[in-house]
Amino acid sequence: MDDKLISKLDAADMLGVSVSTVERLIADGDLPMYKIRGQCRLMTSDVKTYIAGCRRIAAKAAPVPARRQPARRGSKLVGCGYYPGMKVV
């Protein structure tokens, strides 16, 4: 039987997060919780459903633009009008 009730600590271990994070997920309504005689319990199937809902598919990376070639000495294509060895007055 896969559907069994677990504690917040066990749910935190399943998710790989802290108990306070599980408490925030419960407070936000992301994880359903069962109150049994004052104790908080979660269903393993609910935790697995939450994990499945968090899955994101990675987007393809944008192509890297080609690098600009630096201006060569003596070239008319100098960005700031200065090239090494130029006398600055």
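The values are calculated or read from the model by the stated rules, or taken from the named source; none is laboratory data. Since this is a predicted model, take the numbers as computed values, not measurements. Here Cβ is always computed from backbone atoms with ideal geometry, including for glycine, and neighbour counts include all displayed protein chains. We work out accessible area using only protein heavy atoms, side chains counted, and drop any ligands, DNA or RNA first. Shrake-Rupley method; radii C 1.70, N 1.55, O 1.52, S 1.80 Å.
Taking the average, over residues, of other Cβ atoms within 10 Å as the packing measure, peptides 52-61, 19-28, 35-44 rank 19-28, 35-44, 52-61 from highest down. Summing Cβ point charges (Lys, Arg +1; Asp, Glu -1) relative to the Cα centre of segment 19-72 gives a dipole of roughly 500 debye. For segment 3-66, give the percent of accessible area contributed by carbon and sulfur heavy atoms, probe 1.4 Å, rounded to a whole number. Summing carbon and sulfur atoms, their accessible area is 56 percent of the total for segment 3-66.
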